[in-house]
Amino acid sequence: MSRTEDDEIEVCRSVLHALYFLTTIEENVQNLVLHDWRRMVELLKARDAYVQQCAAAVLANLVALDREHLIRVGSLGAVKPLLKLLGSPDVNLQFEGSRIFMALTLHSKLRQQIADAHGIELLASLLASGNRGVQKHAVWSLANMAADVVHGDSLISSCLHPLITLIGHNTEPEVQAEASRALMNLASHPENRENFVIKGAVGWILSAMRFVSGDVLTYLAQILEFLAREDDQKYNIALEGGLRPLLMLLGSEDQIVQDHAKRTLACMSSTSKCHGECHNLIKSLQLSLSGFEVAEQPRPH
C-alpha cells in the first residue's frame with residue numbers, strides 16, 4: 001500500500017470520527033446536510049475496519065435521530081454491507097452494525113429487505129453474543145421483525161429457543177423484556193401459534209411466569225391469551241398445568257396482567273375439554289386446604 005493511500009485512510013478516519021461525535025447530538029442531526037449519502041454507504045465496504053465502524057456509527061446516529069433517513073439508507077443498498085458487519089469477528093463492527101438495525105427494522109419495507117438477505121439468521125446468531133450491547137441490539141431488532149407475519153416461520157425456527165433462553169437466563173431486564181416482546185409479536189399472528197406448542201414453548205412460559213415480573217410478565221400473559229384464542233390450544237394450556245398460574249395472575253397488582261388472565265380463562269372455559277382439568281384443580285386445591293387447621297374463635301360473651 002502506498003503512502004498516499006495511507007494518508008487517505010487517515011483523513012477518512014478523522015472526518016468520520018468528527019462526524020460521529022457531531023451526529024450524537026439531535027440538534028446537529030436536524031441541521032446537518034449530508035450531500036453524499038451514497039459515499040457514506042460505500043464506506044461500509046471499506047478495507048479498513050475503523051472506517052467501516054465509524055461509517056456505520058454515523059449512519060446509526062442519523063437514522064436513530066431522524067426517521068426520514070431510514071428509507072434513504074435502505075434505498076442506497078446499505079442492508080447487505082451492514083449484514084456483513086454482523087458476521088464479522090470484530091465485535092466493534094458487530095456493535096455498530098447491529099445498532100443501526102434497531103432503527104432499520106422499524107420500517108416494514110426494510111424488514112423485508114433484511115429477511116430476503118438472510119438477516120434474521122444473522123441477528124439470531126448474535127443472541128448468544130458475549131457483548132451485552134450487541135445482544136441487546138439483536139433482540140430489539142428481532143422483536144421488530146416479528147411484527148410481520150410473513151417472517152414467522154424463519155423467526156420461530158431460528159429464534160424461539162434462543163429468545164426463551166434469554167428470558168430465563170439473562171440478568172438484564174431490558175433484554176428480557178425485548179425477548180418477551182419478540183415472542184408476544186410472534187404469538188399475535190394466528191399462523192404462528194401452533195408452532196409455540198410444537199416447539200414446547202407453552203410449558204416453559206407457564207413455568208417462567210412464577211419467576212418474572214414487570215413487562216416480561218405482561219408479555220407472557222398476553223402470549224397465553226393469544227394462544228387461548230385458538231380452539232386446539234385451549235386444552236393444551238390446561239394440560240400443561242396452566243390453570244393454577246393463571247388463577248395466581250388474577251391476584252396480580254398489575255391490572256393489565258389481571259385482564260390478560262381473565263380473558264385467557266374466559267377463552268378456556270368456552271370448551272368442555274377444559275372442564276375436567278378445572279375439576280381436577282378444584283379437587284387439588286381442596287386437598288391442599290384440608291391439611292390446615294382453623295383456630296377456634298372465642299365465643300362472644
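The set of residues in the range 25-57 that are closer than 21 Å to R99 by Cβ, modelled with pLDDT under 70 and assigned to a loop (DSSP other than H, G, I, E, B) comprises I25, L32, L34.
Could you tell me whether G74 is without any contact (Cβ under 8 Å) to a residue 40 or more places away in the chain and open to solvent by 50 Å² or more (accessible area, probe 1.4 Å)? So G74 fails the test.
From the list N185, N170, N192, the lone residue that is in contact with a helix residue (DSSP H, G or I) (Cβ under 9 Å, 6 or more places away or on another chain) and modelled with pLDDT under 90 is N170.
Okay, residues lined up against (1) touching a Phe, Trp or Tyr at 6+ places or on another chain (Cβ under 9 Å); (2) of a type in the set (V, I, T); (3) open to solvent by less than 30 Å² (accessible area, probe 1.4 Å); (4) at negative phi:
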residue	(1), (2), (3), (4)
G87	no, no, no, yes
D116	no, no, no, yes
L123	yes, no, yes, yes
G130	no, no, no, yes
K136	no, no, no, yes
V139	no, yes, yes, yes
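The number of residues in the range 221-250 being open to solvent by less than 20 Å² (accessible area, probe 1.4 Å) and assigned to a loop (DSSP other than H, G, I, E, B) comes to 1.
A quick yes/no check of all residues on (1) in a helix (DSSP H, G or I); (2) not acidic (D, E):
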| position | (1), (2) |
| --- | --- |
| E174 | yes, no |
| A177 | yes, yes |
| Y219 | yes, yes |
| S252 | no, yes |
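Considering only the range 108-129, state which residues are touching a Lys or Arg at 6+ places or on another chain (Cβ under 8 Å) and within 22 Å of L65 (Cα to Cα). Correct list: empty.
All conditions but one from (1) assigned to a loop (DSSP other than H, G, I, E, B); (2) farther than 23 Å from I114 by Cβ apply to A147; the one that does not is (2). Which pairs have Cβ atoms under 9 Å, sit 6 or more apart or on different chains, and link a residue in the range 219-242 that is closer than 11 Å to L206 by Cβ to one that is among the hydroxyl-bearing types (S, T, Y) and buried (at least 24 other Cβ atoms within 10 Å of the Cβ)? Hits for this filter: L220/S180; A221/T264; I223/S180; L224/T264; L227/T264; I237/T264; G242/T264.
When the range 89-114 is limited to residues that are of a type outside the set (D, E) and part of a loop (DSSP other than H, G, I, E, B), the one that is surrounded by the fewest Cβ atoms within 10 Å (Cβ to Cβ) turns out to be P89.
The values are calculated or read from the model by the stated rules, or taken from the named source; none is laboratory data. Keep in mind the model is a prediction, meaning the values are calculated, not measured. Every residue, glycine among them, receives a Cβ derived from its backbone with ideal geometry; neighbour counts consider all protein chains shown. Heavy atoms of the whole protein, side chains included, go into the accessibility calculation; ligands, DNA and RNA do not. Shrake-Rupley method; radii C 1.70, N 1.55, O 1.52, S 1.80 Å.
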